[in-house]
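Each value in this text was obtained by applying a stated rule to the coordinates, not by laboratory testing. Here the structure is a predicted model, which means the values were calculated and not measured. Cβ placement follows ideal geometry from the backbone for every residue including glycine, while neighbour counts extend to all protein chains displayed.
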Amino acid sequence: CKKTNAASASDDDRPGGDAEHLSSPSKGMTKEEEKAKHAILLRKYLAVYLLAVLSDWLQGPYVYALYDAYGYSQHLIAVLFVAGFGSSM
């Protein structure tokens, strides 16, 4: 006599089992929780990114003075600034 036990069936075989959760990167988080975590990560990233961009902008006048002290022409300094701006895009 062969017994079948419904409890012995794996969760992966049933619809809505763990197989769906394993493929999801959030592992059981609701959409609202995912959005909240994403918003926190985005704010942290933007804070660091904006700090880096601001520090780059603040060094501009000093780099200009350095190029000027080395005797580069205004045209060449302008070309260097445009090339630096273009490479950062």
*Hey, could you get me the Stokes-Einstein D for segment 34-79, Kirkwood radius over alpha-carbon pairs, 37 °C and 0.692 mPa s, rounded to whole µm² s⁻¹?*
252
_Between T30 and V53, how high is the FRET efficiency from 1/(1 + (r/R0)^6) when r is the Cβ-Cβ distance and R₀ = 30 Å? Nearest 0.05._
0.30
